[in-house]
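The values are calculated or read from the model by the stated rules, or taken from the named source; none is laboratory data. All figures in this text were calculated on a predicted structure; none of them were measured in a lab. Cβ placement follows ideal geometry from the backbone for every residue including glycine, while neighbour counts extend to all protein chains displayed.
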Amino acid sequence: MDAALVRQARAGSQVAFARLVAIHEKPLRGFLRKSGWIDADDIAQEAFVAAWSHLPKLREDSGFRAWLYGVAWKKALSQRRGAQRAAVRDEAWRGEQDLEAAAGVAAEDRLALEKALATLPEDQRACVTLCLGQAWSHAEVSDALGIPLGTVKSHVTRGRERLLAVLGDSQ
Amino acid sequence: MTPDDQLSGFLGEQPAVSRADLFTAIVMQKIEHRVFLGRIAAAAGGAAVVGLIAWACAPALNVLIGALAPGLTPVAAALALVAATLLVSSPSVRQRLGFVSI
């Protein structure tokens with residue numbers, strides 16, 4: 001489905017690109033939030049705008065998702081390196097950015113997982129979020145984030161162990 | 001539910017409030033703005049090139065215009081009259097001039 005829309009967007013169709021945005025915005029924002037970026041929405045917006053501008057550089061139409069996440073990841077990293085952005089958000093805005101709590105995860109487990117996730121290095125957090133949370137393959141994550149495949153595998157294994165240990169402790 | 005299921009559920013959480021329409025609208029607005037700026041820049045570049053060519057060809061163009069102008073003046077005046085009539089008679093212009101009630 002992405003491939004057809006990407007082809008149309010490449011030809012200049014803003015309608016097709018708007019559909020791509022609608023398809024990918026929620027998981028992308030979820031990924032960025034879980035990876036610890038407070039300005040997840042801003043980063044996601046910038047990533048989509050950059051994706052539109054650089055669409056001709058996309059090698060395979062079917063690889064849009066991984067490529068988009070890679071663009072967003074680079075944006076997030078460059079934002080952190082750059083000047084401090086306005087970080088003040090009012091409570092209503094924060095409320096809108098809250099994530100939908102997964103069914104079957106108790107509140108105390110969720111809290112423990114959030115704390116543990118925040119202690120993971122950002123690369124590891126991103127790998128764990130995409131592989132375990134969004135069911136991406138190791139190769140896809142490696143391709144999207146520009147991290148070697150072996151590193152992705154070890155990040156996921158170690159991250160999973162640390163998070164499961166926390167989950168076990170809280171029970 | 002196994003711990004792994006719980007973990008995947010937690011890591012796969014997505015924004016609670018769906019703001020897809022608003023989010024898409026903001027992104028597309030930014031894209032349109034960027035496209036517009038690109039077009040303006042291209043048009044400005046084109047105009048600069050045409051201006052440069054006209055400036056370079058000014059001696060020849062002066063001679064040409066000097067030769068053609070006397071014969072073309074009535075035609076230019078007629079065209080200007082037609083353009084002005086069309087402009088004034090267009091509904092949006094008439095509306096703005098107050099000739100048509102809204």
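Only residues that are closer than 30 Å to A:Ala44 by Cα and exposed (fewer than 10 other Cβ atoms within 10 Å of the Cβ) were counted in the range B:40-75, giving 0. With respect to A:Asp143, determine if the residue is within 8 Å of another protein chain (Cβ to nearest Cβ), assigned to a helix (DSSP H, G or I) and charged (D, E, K, R). Here the answer is no, as A:Asp143 does not meet what is asked. None of A:Leu130, A:Leu111 is at pLDDT below 90 and not in a loop (DSSP other than H, G, I, E, B) except A:Leu111. Assessment of the range A:143-159 against the conditions (surrounded by 14 or more Cβ atoms within 10 Å (Cβ to Cβ), at pLDDT 70 or above and closer than 18 Å to A:Ile43 by Cα) yields at least one matching residue. Looking only at residues in the range B:9-31 that are at pLDDT 85 or above and more than 7 Å from chain A (Cβ to nearest Cβ), the one that is nearest to A:Leu163 (Cα to Cα) is B:Leu22.
If you go through the range B:58-72 one residue at a time, do you hit one that is among the β-branched types (Val, Ile, Thr), away from chain A (no Cβ under 14 Å) and either in contact (Cβ under 8 Å) with a residue 40 or more places away in the chain or in a helix (DSSP H, G or I) (or both)? Yes: one or more hits. Can you confirm whether the range B:88-96 contains a residue that is among the hydrophobic types (A, V, I, L, M, F, W, C) and at pLDDT below 90? Checking the range B:88-96: at least one residue is among the hydrophobic types (A, V, I, L, M, F, W, C) and at pLDDT below 90. From the list A:Val71, A:Val49, A:Val21, the lone residue that is aliphatic (A, V, I, L, M), touching a Ser or Thr at 6+ places or on another chain (Cβ under 7 Å) and either buried (at least 21 other Cβ atoms within 10 Å of the Cβ) or over 15 Å from A:Thr129 (Cα atoms) (or both) is A:Val21.
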